[in-house]
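Report on the structure given below.
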Amino acid sequence: MSVVTLKTISLETATVIAQKALQSARTRKFLPLAVTVLDIRGEVKVHLAEDGTSLYRFKIATGKARGALGLGFGNRELQRRAEKAPFFIHAVQHLSEGDMVPVQGGVLIRDAQGTLLGAVGISGETSPNDEICAVDGIVAAGLIPDHGDPNA
C-alpha cells in the first residue's frame with residue numbers, strides 16, 4: 001500500500017504570511033485585523049489577531065479562507081457566484097455549517113508550479129482591503145496568491 005502525501009504550507013511559511021499581512025495593514029493604516037492561514041486540509045495553521053479586533057473576526061477570517069479552499073477558487077469568484085447563484089451558496093453554507101463567508105478577503109495560496117498549498121482569510125477592514133493584505137502576505141512569503149479573478 002502506498003501513502004500519498006499532499007503538499008501543504010509549512011508552519012514557518014504560514015507564520016510569515018500572517019505577520020506580513022499584518023505589517024501591510026499597519027503600513028496602510030488599516031483597522032486591526034485577524035488573519036487565519038489554513039493548510040491544504042482546511043485546518044488552522046496560524047491565526048493572529050491584533051489588539052482591537054472584535055469577537056467574530058477569527059470566525060469571519062476562517063470562513064473566508066475555508067470558502068476559498070472548500071470551493072477551490074478565491075473569494076472574488078466566490079462572491080460573483082454568490083450574486084449569480086444565491087441558492088447554491090446558501091446550500092453550501094448550510095452543508096459547511098456556516099463556515100463560509102463569500103466576500104473578498106479569502107485567497108488561495110499556490111506555489112510557483114500552481115500547486116494549491118492552503119488559503120488565507122482576513123477580516124477587520126473592508127473586504128477589498130482585507131484581500132490586499134492577504135495578497136501582500138502571500139507574495140512576501142514568495143508564493144502566488146489566487147484571489148479568484150484571472151483578469152486582475
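The values are calculated or read from the model by the stated rules, or taken from the named source; none is laboratory data. Every value quoted in this text rests on a predicted model; they were computed, and no experiment measured them. As a convention, Cβ positions derive from the backbone with ideal geometry for all residues, glycine included, and neighbour counts pool all protein chains shown.
Taking segment 118-152, which residues are on the phi < 0 side of the Ramachandran plot, touching a Ser or Thr at 6+ places or on another chain (Cβ under 6 Å) and not in a helix (DSSP H, G or I)?
GLY121, ALA141
Residues to consider are ALA91, ALA82, ALA21; find the one that is outside any loop (DSSP other than H, G, I, E, B) and either crowded, with 21+ Cβ neighbours inside 10 Å or of a type outside the set (A, V, I, L, M, F, W, C) (or both).
Details: ALA91 fails: either crowded, with 21+ Cβ neighbours inside 10 Å or of a type outside the set (A, V, I, L, M, F, W, C) (or both); ALA82 fails: either crowded, with 21+ Cβ neighbours inside 10 Å or of a type outside the set (A, V, I, L, M, F, W, C) (or both).
Answer to the check: ALA21.
Report yes if some residue within segment 30-38 is part of a helix (DSSP H, G or I) and modelled with pLDDT of 95 or more; otherwise report no.
Among the residues of segment 30-38, not one is part of a helix (DSSP H, G or I) and modelled with pLDDT of 95 or more, which makes the answer no.
Scan segment 64-80 and report the pairs whose first residue is within 18 Å of HIS47 (Cβ to Cβ) and whose second residue is surrounded by fewer than 20 Cβ atoms within 10 Å (Cβ to Cβ), with Cβ atoms within less than 6 Å and a gap of 6+ or a chain change.
Note: pairs meeting the criteria are ARG66/GLY42; ARG66/ASP99; LEU69/GLY42.
When you check GLY70 against the structure, is it under 19 Å from ALA21 (Cα atoms) and either surrounded by 16 or more Cβ atoms within 10 Å (Cβ to Cβ) or at pLDDT 95 or above (or both), yes or no?
So GLY70 does not fit the description; no.
From the list VAL3, VAL16, which one is touching a residue at least 24 places away in the same chain (Cβ under 8 Å) and either exposed (fewer than 12 other Cβ atoms within 10 Å of the Cβ) or closer than 17 Å to ALA65 by Cα (or both)?
After applying the criteria, what remains is VAL16.
If we keep just the residues of segment 26-41 that are in contact (Cβ under 8 Å) with a residue 60 or more places away in the chain and surrounded by fewer than 18 Cβ atoms within 10 Å (Cβ to Cβ), which is nearest to CYS133 (Cα to Cα)? Reasoning before the result, please.
Within segment 26-41, the first condition is being in contact (Cβ under 8 Å) with a residue 60 or more places away in the chain, and the residues that meet it are 28, 30-40.
Going one step further and asking which of them are surrounded by fewer than 18 Cβ atoms within 10 Å (Cβ to Cβ), we end up with 28, 31-32, 40.
On the way: ARG28: 9, LEU31: 11, PRO32: 12, ILE40: 20 Å.
Across segment 26-41, the extreme among qualifying residues is ARG28.
What are the residues in segment 94-129 that are surrounded by 12 or more Cβ atoms within 10 Å (Cβ to Cβ) and of a type in the set (S, T, N, Q), if any?
Scanning segment 94-129 gives SER96, GLN104, THR115, SER123, THR126, SER127, ASN129.
I'm checking my understanding of the structure. Among residues of segment 54-66 that are of a type in the set (Gly, Ala, Ser) and at pLDDT 95 or above, which one is surrounded by the fewest Cβ atoms within 10 Å (Cβ to Cβ)?
Of everything passing the filter in segment 54-66, GLY63 is surrounded by the fewest Cβ atoms within 10 Å (Cβ to Cβ).
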